[in-house]
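The values are calculated or read from the model by the stated rules, or taken from the named source; none is laboratory data. Note that this is a predicted model, so its numbers are computed, not measured. Here Cβ is always computed from backbone atoms with ideal geometry, including for glycine, and neighbour counts include all displayed protein chains.
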Amino acid sequence: MPGMTPNFNIRYPCAGETIDPQVFEDFAEDVEAALVSVDAAADAALLRPRGALRTVPTGISTTVAVTTAMAYNVTDFADGVTVIAGGFTIITPGVYMVDCEFSPITVVTTVTSFTGDITQNATVVYRRKLGWAGVVDSAGPINISGLVSCAAADTIQANWRWTGTGGPMFVYSRISISKICDV
Amino acid sequence: METIGNHGLHCPEFDDYAAVALYMQNLGTLIDEQLQEQLEALQGFMDRPTIIVTNSVAAVIADSNTYTQLWDTVVFNNSTFMSLEIGASGSIPGTPSNLIRIGSAAGAAVTVPYLRGSYSIGACTSMTATGAVTAQSYRNLTVTSDDQSLAIDTFSCSASDTTYDSNTGGNESQNVKFSCELERTSGVIVEGFVTHGNTASTVSIAAGALFWVTYNGPIDIIEVA
């Protein structure tokens with residue numbers, strides 16, 4: 001019976017065994033299999049799932065008091081994640097860093113508050129909401145970010161909501177995602 | 001035996017043929033060890049130590065009360081040196097704190113040293129007045145990283161987000177994120193404090209708030225003289 005190494009089960013002949021071409025073939029094949037498994041880990045390290053999307057430069061039209069999903073029409077890059085109209089679908093389970101920028105472009109009649117959300121499967125996981133004290137006709141930019149523990153097929157998207165009068169308010173947005181670790 | 005390359009591998013020469021079996025065993029074992037080291041290094045690179053915690057139930061607090069015990073549940077933790085501690089001795093004397101501990105406690109034996117280097121830290125909370133809203137009252141989330149092993153107990157890093165309630169339906173939400181460097185081996189605590197100025201009623205902090213720490217990588221530069 002051949003011996004085997006502890007981690008990758010590379011076979012080698014033991015004392016007293018016949019050494020023929022099959023022994024060398026088995027050894028070479030086992031080393032090859034070990035190299036393949038390390039190659040896979042190296043590929044995963046070099047190609048960490050990540051992506052970045054943005055809306056059209058003119059922004060997304062949002063109506064007062066309505067939670068509006070951002071629609072990302074421009075893909076800056078996407079590797080290892082699936083791009084959908086509103087964001088990303090996760091392929092590889094893991095913890096991901098998600099960052100989202102919202103930049104209101106147009107003025108309206110009045111603004112009393114504005115909110116940016118990052119959602120996971122349509123449930124808010126990160127949010128920032130700001131309000132104004134006086135009579136203001138525009139909203140300010142919002143950046144939000146955080147870690148999200150994701151399963152395969154989870155969707156990561158973003159919403160904007162504002163309160164006040166008038167509109168619509170056009171909002172530019174950019175969302176990015178990068179895998180941090182396995183779960 | 002003739003040595004080949006830089007990984008300690010070798011091949012038999014003319015006088016070694018009788019020891020082929022032993023040679024193959026040694027060679028296979030060396031290859032196995034070298035590849036296992038590379039695999040562990042790659043996996044360590046991919047699996048950055050990370051902890052995410054949350055509050056499983058909403059917390060209701062009075063105004064001007066710095067609430068230090070929001071976090072009660074671990075969502076994810078793949079590290080061996082970070083943990084959620086309930087009711088620990090935090091940075092506010094005499095006030096128990098639910099905090100993330102990095103490394104062993106300051107002053108105790110270092111049984112779980114942390115990885116030296118850069119860390120990213122962040123959190124998000126959402127608050128709604130339980131009754132009347134004091135117009136434009138503040139809602140604040142502050143996250144601090146405190147190295148208690150230092151002789152002078154000061155915050156190593158911190159970030160704060162303050163929003164103001166304009167009485168537009170609640171869910172006043174705060175979001176912080178910052179990076180810091182940890183250069184010792186143990187004794188660091190990371191805390192997330194919540195406070196508000198709504199004097200007209202208490203404020204509820206929604207369940208599902210998130211608080212997290214992740215290791216970015218080393219920052220040491222090794223000089224060879």
Of the listed residues (A:Val111, A:Val81, A:Val135), the one being modelled with pLDDT under 95 and either hydrophobic (A, V, I, L, M, F, W, C) or over 16 Å from the mean Cα position of the chain (by Cα) (or both) is A:Val135
What pairs can you find where one residue is in the stretch A:46-60 and among the hydroxyl-bearing types (Ser, Thr, Tyr), the other is not in a strand (DSSP E or B), and their Cβ atoms are less than 7 Å apart, with a gap of 6+ or different chains?
A:Thr55/A:Met70; A:Thr55/A:Ala71; A:Thr55/A:Tyr72; A:Thr55/A:Asn73
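Against the definition (over 23 Å from A:Cys181 (Cβ atoms) and not aliphatic (A, V, I, L, M)), how does A:Pro93 come out, yes or no?
Judged against the criteria, A:Pro93 is not a match.
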Of the numbered conditions (1) more than 10 Å from chain A (Cβ to nearest Cβ); (2) modelled with pLDDT of 90 or more; (3) in contact with an Asp or Glu (Cβ under 9 Å, 6 or more places away or on another chain), B:Ala207 fails exactly one; give the number of that condition.
(3)
Restricting the stretch A:123-153 to residues that are in contact with a Phe, Trp or Tyr (Cβ under 8 Å, 6 or more places away or on another chain) and among the aliphatic types (A, V, I, L, M), the one farthest from the other protein chains (Cβ to nearest Cβ) turns out to be A:Ala139
I'd like the full set of residues that are among the acidic types (Asp, Glu) and touching a Pro at 6+ places or on another chain (Cβ under 9 Å), limited to the stretch A:75-106.
A:Asp79, A:Glu101
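Can we say A:Thr106 is of a type outside the set (D, E, K, R) and within 14 Å of chain B (Cβ to nearest Cβ)?
No: the conditions fail for A:Thr106.
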Can you give me the number of residues within the stretch A:154-183 that are surrounded by fewer than 18 Cβ atoms within 10 Å (Cβ to Cβ), modelled with pLDDT of 95 or more and either in a strand (DSSP E or B) or within 14 Å of chain B (Cβ to nearest Cβ) (or both)?
4
Filtering strands (runs of 3 or more DSSP E) wholly in the stretch A:6-125 for at least 3 residues that are among the β-branched types (Val, Ile, Thr) gives A:81-84, A:110-120
Entirely in the stretch B:1-92, the strands (runs of 3 or more DSSP E) that have 1 or more residues that are within 14 Å of chain A (Cβ to nearest Cβ), touching a strand residue (DSSP E or B) at 6+ places or on another chain (Cβ under 8 Å) and under 30 Å from B:Leu210 (Cα atoms):
B:50-54, B:73-77, B:82-89
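Restricting to the stretch B:97-135, name every residue that is in a loop (DSSP other than H, G, I, E, B), of a type in the set (Ser, Thr, Tyr) and touching a Phe, Trp or Tyr at 6+ places or on another chain (Cβ under 9 Å).
B:Ser104, B:Tyr114
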Just one of the numbered conditions (1) over 30 Å from B:Thr29 (Cβ atoms); (2) β-branched (Val, Ile, Thr); (3) surrounded by fewer than 17 Cβ atoms within 10 Å (Cβ to Cβ) is not true of A:Thr119; which one?
(3)
Looking only at the stretch A:5-35, how many residues end up being out of contact with any Leu (no Cβ under 8 Å at 6 or more places or on another chain), crowded, with 19+ Cβ neighbours inside 10 Å and closer than 23 Å to B:Leu42 by Cβ?
4
Here the qualifying pairs (Cβ atoms under 7 Å; residues six or more apart or on different chains; first in the stretch B:183-202 and in contact (Cβ under 8 Å) with a residue 60 or more places away in the chain; second of a type in the set (Lys, Arg) and assigned to a loop (DSSP other than H, G, I, E, B)) come out as B:Glu183/B:Arg116
The residue from B:Glu33, B:Glu37, B:Glu85 that alone is touching a Lys or Arg at 6+ places or on another chain (Cβ under 7 Å) and at pLDDT 90 or above is B:Glu85
Is there a residue in the stretch B:183-198 that is more than 12 Å from chain A (Cβ to nearest Cβ), hydroxyl-bearing (Ser, Thr, Tyr) and more than 20 Å from B:Trp71 (Cα to Cα)?
yes
Test for B:Gly170: is it more than 22 Å from the chain's Cα centre (by Cα) and either part of a strand (DSSP E or B) or under 20 Å from B:Leu70 (Cβ atoms) (or both):
yes
